[in-house]
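Here the structure comes first, spelled out in structure tokens, and everything after it is commentary.
The values are calculated or read from the model by the stated rules, or taken from the named source; none is laboratory data. Because the structure is predicted, anything quoted here is derived from the model rather than measured. Every residue, glycine among them, receives a Cβ derived from its backbone with ideal geometry; neighbour counts consider all protein chains shown.
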Amino acid sequence: MNLPIYQLMYVSTASWPLNTDELSAILDVSRAKNQRANVTGLLLHIDQGFLQILEGPEAAVMEIFRPIERDRRHFGIRVLVQQHVAERLFGGWSMGFDRWTRGEPRTADMFKITADAIENAISPEKAAALAVLLRSFYRINTGGGAATGR
């Protein structure tokens, strides 16, 4: 019997402006850990915040998330979604990644929704829908994968 996929989505604020090398190091470690644990997902660096979706076996997702909660590179972690789902949204990516900045036309609407989530101005129902919206956004705008999705 297949267990349902556990999905966790959170937002947080970066403790300092992270440069490209720091973000690359985060991604390298995340991708290796996630691949070993059968966890997939997406990490967005948005202005000075993060939105991350982790999905996989519940125990594995929580094992990945615990050190994230203690990571000093960000603060104000707010879990938006914790649910079991029938299938993965980002099954092809050990950790897809994108970096958004304010004012980019392609991400303006998504930036607003995510900024609202960081500021705790989004309902749990809208937060769950945000994960599905992100998958659709990447399928439409990238032909199925983020520029740096792996």
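Data table
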quantity: Subset of the stretch 1-17 (residues that are more than 21 Å from residue 131 (Cα to Cα) and in contact with a His (Cβ under 7 Å, 6 or more places away or on another chain)); calculated: 15
quantity: Residue within the stretch 23-35 that is modelled with pLDDT of 90 or more and closer than 17 Å to residue 131 by Cβ present; calculated: yes
quantity: Filter result for the condition that a residue is within 19 Å of residue 49 (Cα to Cα) and modelled with pLDDT under 70, over 109, 71, 98; calculated: 109
quantity: Candidate set: the stretch 4-30, residues that are in contact (Cβ under 8 Å) with a residue 24 or more places away in the chain and more than 22 Å from residue 80 (Cα to Cα); chosen: the one nearest to the chain's Cα centre (by Cα); calculated: 23
quantity: First in the stretch 64-86 and without any contact (Cβ under 8 Å) to a residue 12 or more places away in the chain, second anywhere and of a type in the set (A, V, I, L, M, F, W, C), Cβ under 8 Å, 6 or more apart; calculated: 69/77
quantity: Residue tally, condition buried (at least 16 other Cβ atoms within 10 Å of the Cβ) and either touching a Leu at 6+ places or on another chain (Cβ under 6 Å) or not aliphatic (A, V, I, L, M) (or both), over the stretch 14-34; calculated: 4
